[in-house]
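First comes the structure, then the notes that go with it.
The values are calculated or read from the model by the stated rules, or taken from the named source; none is laboratory data. In this text, all values refer to a predicted model and were calculated from it rather than measured experimentally. Don't worry about glycine lacking a Cβ; one is built from the backbone with ideal geometry, like all the others, and counts go over all protein chains shown. For accessibility, only protein heavy atoms count, side chains too; no ligands or nucleic acids. Shrake-Rupley method; radii C 1.70, N 1.55, O 1.52, S 1.80 Å.
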Amino acid sequence: MTDIIEDDADDGFFIGKTREYLELHEQVETSTNLLGDLETFLSTFQTDLSAVSGQISDLQARSKDFDAKLKGRRKIERPLSQLLGELAIPPELALLILDNGVNDTWIPAIEELEIKLDTIQQRTRVKAAKDLSEVSEGLRIVAATKLRQFFLSLMQPIRATVSTNMQIIQTSVLLKFKSLFGFLQRRAPKVAAEVQRAYVGAARSYYETAFRRYARSVGYIITRDPPKSQLITAAPSDAHKEEQGYDWSRLDHAQIEGPPVTLSYMADDKAYKQPVEALFRSLMLVLMDNATAEYNFINTFFNQAPAPLPPSRPGVISPTFDERRTDAGSILEVPMSPTRSSRPMVSMEEQQAATDDTRKALDTVWKQVIETALDYCKTTALSCWQPTPPEIIPLLTMMRLNENVLIEVQKRACTPLESFLVEMRLSMWPIFQKEMNTQVESLKKLLEGAHGGLLTKSTLKDSVVETVSRTYGTLFAAFISLSEPSEEAMLFSNLGRMRPEIAQIIITHGNKIKDSRQQAVYLSTAYENVLHSAMSGPFSNSNPKAQAEIVFWREKEENARKRIMMRQT
């Protein structure tokens with residue numbers, strides 16, 4: 001019973017807890033459901049997490065790729081920026097060339113344009129360069145057209161009148177814009193050739209007119225006192241100038257530095273006269289100054305300079321571009337010198353050949369400009385000793401001047417003018433030699449006629465002997481003053497042929513005096529006369545030739561004095 005009571009008590013307890021058990025059961029079921037949902041969620045989350053993990057890996061890979069691309073972009077940023085800067089044509093540059101005439105501002109602008117043209121030409125694999133090629137070509141054509149008109153307009157004053165100052169136009173205008181002409185040589189060779197032909201035509205006409213007028217003026221002055229040869233044996237009446245002594249200042253015309261030159265307008269004065277050697281000097285100095293200045297200008301202006309180079313940027317590595325370039329060529333027949341930008345690999349022989357070709361082409365340009373002027377100068381110069389040559393000393397003075405001018409021209413490196421001066425030398429030396437032969441022959445004839453005969457009377461007189469002696473001394477003094485070591489042998493070999501003839505003439509004429517003392521006095525006076533004339537020139541007595549000549553006549557004069565002393569005792 002007790003057990004039954006206990007069982008009833010237990011059932012009542014559990015019955016009383018039924019609600020709680022039910023709530024607990026519901027909670028358990030709820031928890032079970034929650035756990036099932038959680039399991040489902042976790043299963044789904046795991047799936048989603050796996051997908052996210054894959055996406056993160058993909059993003060990481062893409063991030064690394066972006067980082068690599070960013071580093072590549074940063075690496076190429078500066079070279080690419082430099083490339084775009086080199087290729088881009090500034091608007092102000094284009095507007096200057098398109099809208100403005102040629103002036104000083106074009107000098108840096110054209111240099112910049114040529115750098116752009118070179119850069120675009122070298123970057124043929126860059127699309128931006130291809131896009132800009134048409135624009136740059138258009139600017140090149142416009143620039144060449146305007147420069148052509150500009151340079152042709154500068155030639156007009158030269159062609160219009162000889163009163164134009166040629167040197168001012170060359171040095172202050174043309175050379176100032178040399179870089180612009182260099183642009184034409186490299187970028188528009190046909191236009192450069194046209195400009196060069198225009199200059200050659202204008203300059204040729206200028207020099208032809210100027211030298212024709214100057215040579216004509218010099219010719220007028222020469223005809224007022226034409227050159228004439230005078231024998232050493234001339235009668236005293238024909239040698240009145242020698243009686244007064246030779247004007248040694250005339251030897252100054254053998255030097256480049258000396259008296260002022262004769263100007264063209266001076267010929268208008270009909271009383272104006274100058275010795276032939278002074279006129280020859282004026283002609284040669286005017287020719288030398290103009291011809292060498294023109295040669296220097298042609299070699300400076302028409303000799304093609306290398307193209308301008310862009311400023312270097314050390315430490316900047318450029319992207320890989322096509323570095324091939326094509327040179328535009330050169331002016332006319334003048335070969336183009338290699339530029340620093342192209343740097344062709346050529347041998348020393350090829351470089352020398354190119355230099356020689358350039359020099360020959362520029363020499364040809366100079367000859368085209370000056371050749372008519374040279375013809376007028378040659379004709380006028382030849383009139384100074386053809387058909388009648390002047391006296392020996394003026395002829396020798398002109399020969400010495402020609403040599404000095406040749407030396408100066410060699411210093412100024414005007415090679416083509418040297419051949420003209422050598423031709424002048426070859427024209428004068430045979431005439432000089434012929435004149436010396438004529439003088440020696442005249443002395444021989446005088447000596448032959450000194451004795452006379454049964455039917456002829458002696459032609460040797462005191463006045464003639466005095467004139468011959470004085471003239472010989474003057475010739476010797478002039479030869480010493482005008483000779484050069486390289487020519488002494490040739491000059492004094494001719495003079496040496498005269499000396500024994502002169503000495504024999506003096507002795508022969510002295511022998512006509514019967515009184516031995518008077519004869520000795522005459523000989524002493526005659527020898528002294530020769531010594532006085534020979535020592536009167538502007539030269540140093542220390543010259544070996546002068547010393548030898550003085551010793552020769554001094555010994556004869558002393559021997560004559562000894563004879564005088566002997567007759568007195």
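Overview of values
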item: 4 °C / 1.567 mPa s Stokes-Einstein diffusion coefficient of region 462-568, Kirkwood radius on C-alpha pairs, µm²/s; result: 91
item: Inter-probe distance in nm under a simple model that places probes 7 Å from Cα toward Cβ, at H25 and S205; result: 13.3
item: Residues of region 462-568: accessible area per residue with a 1.4 Å probe, Å²; result: 47
item: Per-residue HN-Hα couplings for region 473-486 [Karplus 6.51, -1.76, 1.60; θ = phi - 60°; Hz; x = Gly/Pro]; result: x, 5, 4, 4, 4, 5, 4, 4, 5, 9, 7, 10, x, 5
item: Residues K434 and D225, FRET efficiency given R0 of 30 Å [Cβ-Cβ distance, rounded to 0.05]; result: 0.85
item: Extended-chain gain in nm, criterion 0.36 nm per residue less alpha-carbon gap, K69 and M565; result: 166.3 nm
item: Pair D363, K178: separation of 7 Å Cα→Cβ label points (nm); result: 2.1
item: Length added when fully stretched, E92-D462, from 0.36 nm per residue minus Cα-Cα; result: 123.9 nm
item: D268/E448 FRET efficiency (R0 30 Å; Cβ-Cβ; nearest 0.05); result: 0.05
item: Peptide ranges 470-480, 426-436 listed from the most packed, as the mean C-beta count within 10 angstrom indicates; result: 470-480, 426-436
item: Under Karplus coefficients 6.51, -1.76 and 1.60, residue-wise ³J(HN,Hα) of region 58-64 in Hz, glycine/proline x; result: 5, 5, 4, 5, 5, 4, 4
item: Relative packing of peptides 59-69, 355-365 - highest average C-beta neighbours within 10 Å first; result: 355-365, 59-69
item: By average C-beta atoms within 10 angstrom, highest first, the peptides 98-106, 177-185; result: 177-185, 98-106
item: For region 136-276, fraction of C-alpha pairs farther apart than 26 Å, in %; result: 52
item: Whole-percent carbon and sulfur share, accessible surface of region 462-568, 1.4 Å; result: 52
item: Gain upon complete extension [S249, K512; 0.36 nm per residue less C-alpha separation]; result: 90.8 nm
item: Neighbourhood net charge (13 Å Cβ-Cβ; Lys/Arg +1, Asp/Glu -1) for I107; result: -2
item: Charge sum, other residues only, whose C-beta stays under 15 Å from T300's C-beta, Lys/Arg counted +1 and Asp/Glu -1; result: +2
